[in-house]
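Undergrad: Sharing a structure below in structure tokens format, with a few things to ask.
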Amino acid sequence: LVRLRARLARSQNALGQGLLTLLSSDKLDDDAWDEIEDTLITADIGVTSASQIVENLRTKVKVLGGRTPDEVRGLLREELLAQIGTDTDRTVRTGPHGDRPGVVMVVGVNGTGKTTTTGKLARVLVGDGRSVVLGAADTFRAAAADQLETWGSRVGAPVVRKDEGADPASVAFDAVSRGIEEGADTVIVDTAGRLHTKTGLMDELGKVKRVVEKKSQVDEVLLVLDATTGQNGLRQARVFAEVVNITGIVLTKLDGTAKGGIIVQVQRELGVPVKLVGLGEGPDDLAPFDPEGFVDAVLG
Ligand code: GDP
């Protein structure tokens, strides 16, 4: 965790230092406040949250009078945590339910990190002593199933796959059946992320979900979102949220951006908590999202 925090800190720090410098300046006039708001927006926090944060900070700073950098840091920390939410339930539910495995569906646009997240999540669960089956329901690219198989053998989880072009729902069905046969705790289904048409996507993900529910229950539908894609990623996330009931967000590639503010915006827009964050390409680079650790990394 310390290593992950350090990695996050490296990419986020610039933002925090910039903000603190601005906030600690002697002349906090309208221009300075505008600049602070712009800095927050540049970090993808979103216009609504940025203006709320600035408004609250202005009020508090006025009341407080002469500010020490520590006080400023404390106020900003409070505001950021209020936007992110500290008492939100961010548990990832993974079953099992009696003799049936819990099912986690991993959805999102191609390239966001779905397969990698599926592999890393399996690694975490197997590391906790749980048995996991993986379903390669992204049948549009043979490479996706190959990639998942590599993860499966790396982390010690069997992978159910079919030929390229097979029905994704039938792969999901077989993966859950295999999970039941093996007495697995969790089945993680990696789905296809083609944003061809909204109805196509809706039909596909809806069918996967219905088929899974014939055999067991879907505990989580995790939407994978690439933190480096900013507003574009958010637009795509909205489409997914319209077609399937998302239960949590995995924000990937947070190691490669200082724009972690997207956490605030995506939660506000979709009304779904960020549950996990991806901090690299390696098997151990997935962490539960910890708001306090995140804000401390941002503020440096
Ligand atoms: P998918 O098409 O959504 O299944 O995406 P992949 O899992 O194939 O990931 C796309 C690329 O992003 C791969 O090169 C991954 O190694 C990389 N990737 C995934 N998650 C992360 C992350 O948290 N940090 C970084 N730096 N790279 C990541």
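The values are calculated or read from the model by the stated rules, or taken from the named source; none is laboratory data. In this text, all values refer to a predicted model and were calculated from it rather than measured experimentally. With ideal geometry, Cβ positions are generated from the backbone for all residues, glycine too; neighbour counts draw on all protein chains shown. The area values use the complete protein model at the heavy-atom level, side chains included, leaving out ligands, DNA and RNA. Shrake-Rupley method; radii C 1.70, N 1.55, O 1.52, S 1.80 Å.
Undergrad: Against the longest alpha carbon principal axis of the chain, how many degrees, from 0 to 90 and to the nearest 10, is the axis of helix 198-215 turned?
TA: Computed tilt is about 60 degrees.
Undergrad: Treating only the Cβ of Lys, Arg, Asp and Glu as charged (+1, +1, -1, -1), what charge dipole size does the range 149-300 show about its Cα centre? Round to the nearest 20 debye.
TA: For the range 149-300, the charge dipole is close to 600 debye.
Undergrad: Taking H as built 1.01 Å from N, whose amide H comes closer than 5 Å to the amide H of V187, not counting residues under 5 places away?
TA: G102, V103, V104, V133
Undergrad: What is the gain in length, in nm to one decimal, between S24 and D290 on full extension, counting 0.36 nm per residue of separation less the C-alpha to C-alpha distance?
TA: That works out to 93.1 nm of additional length.
Undergrad: Take every DSSP beta bridge whose two residues both sit in the chain, then give the antiparallel share in percent to the nearest 5.
TA: Just about 15 percent of them are antiparallel.
Undergrad: A further question on this structure: Going by average Cβ neighbours within 10 Å, how do the peptides 93-99, 216-222, 199-205 rank, with the highest at the top? Show your work: numbers first, answer last.
TA: Numbers: 93-99: 15.0, 216-222: 21.3, 199-205: 16.7.
Peptide ranking by packing, descending: 216-222, 199-205, 93-99.
Undergrad: Output the peptides 181-192, 73-84 sorted from most to least packed, where packing is the average of other Cβ atoms within 10 Å over each peptide's residues.
TA: Top to bottom by mean Cβ count within 10 Å: 181-192, 73-84.
Undergrad: Report, to the nearest whole %, how much of the accessible area of the range 236-297 belongs to carbon and sulfur atoms, 1.4 Å probe, protein only.
TA: Values: 910 of 1980 Å².
The value for the range 236-297 is 46 percent carbon and sulfur by accessible area.
Undergrad: Same structure, new question: In the structure shown, do any of K215/K253; K114/K207; K62/K259; K60/K253; K120/K214 have a Cα-Cα gap over 25 Å, and if so which?
TA: K215/K253; K62/K259; K60/K253; K120/K214
Undergrad: Under 1.5 on a/c is rounded, so check that first for the range 136-223, then, if it is not, pick prolate when a/b is larger than b/c and oblate when it is not; a ≥ b ≥ c are the square roots of the alpha carbon gyration tensor eigenvalues.
TA: Values: a/c = 1.84, a/b = 1.19, b/c = 1.55.
It is oblate, given that a/c is not under 1.5 and a/b is not larger than b/c.
Undergrad: Report the FRET efficiency, 1/(1 + (r/R0)^6), for E55 and E281, where r is their Cβ-Cβ distance and R0 is 51 Å, rounded to 0.05.
TA: So, using R0 = 51 Å, E works out to roughly 0.85.
Undergrad: Please give the FRET efficiency for E35 paired with R235, using the beta carbon to beta carbon distance and R0 = 30 Å, rounded to the nearest 0.05.
TA: Plugging the Cβ-Cβ distance into 1/(1 + (r/R0)^6) gives 0.65.
Undergrad: Right, something else. Under 5 Å between amide hydrogens, which residues at least 5 positions from D226 or on another chain qualify, with H placed 1.01 Å from N in the peptide plane?
TA: Amide H neighbours of D226, under 5 Å, 5+ apart: T252.
Undergrad: Antiparallel DSSP bridges in the range 218-300: what percent, to the nearest 5?
TA: On the way: 3 of 11 bridges.
Rounded to the nearest five, the antiparallel share is 25 percent.
Undergrad: Tell me, what HN-Hα J-couplings in whole Hz come from the Karplus equation 6.51 cos²θ - 1.76 cosθ + 1.60 at θ = phi - 60° for each residue of the range 289-299, using x for Gly and Pro?
TA: 6, 10, x, 5, x, 5, 5, 5, 5, 5, 7
Undergrad: Now for a separate question. At 1.4 Å probe radius, can you tell me the per residue accessible area of the range 73-169 in Å²?
TA: About 40 Å² of surface per residue is accessible.
Undergrad: Another question, if that's okay. Any idea what diffusion coefficient the chain gets from Stokes-Einstein, in µm²/s, Kirkwood Rh on alpha carbon pairs, 4 °C, 1.567 mPa s?
TA: 65
Undergrad: For the range 212-231 and the range 131-158, compute the distance between their C-alpha centroids and round to whole Å.
TA: Measuring centre to centre over Cα atoms gives 16 Å.
Undergrad: Moving to a separate point now. Helix-only estimate, please: 222 nm mean residue ellipticity of the chain, summing -39500 (n - 2.57) across DSSP H runs of length 4 or more and dividing by its residues, to the nearest 500.
TA: Numbers: 11 runs with 163 residues, N = 300.
Using -39500 (n - 2.57) per qualifying helix, the result is -17500 deg cm²/dmol.
Undergrad: Top mean-square fluctuation among G233, G193, G282, Gaussian network model of the chain, C-alpha springs under 10 Å?
TA: Looking only at G233, G193, G282, the biggest GNM fluctuation is shown by G282.
Undergrad: Does the range 82-183 classify as rounded, prolate or oblate by the C-alpha gyration tensor (a ≥ b ≥ c root eigenvalues; a/c under 1.5 gives rounded; else a/b over b/c gives prolate, otherwise oblate)? Intermediate results must be reported in sequence, preceding the final value.
TA: Values: a/c = 1.75, a/b = 1.28, b/c = 1.37.
Since a/c reaches 1.5 but b/c is at least a/b, the shape of the range 82-183 is classed as oblate.
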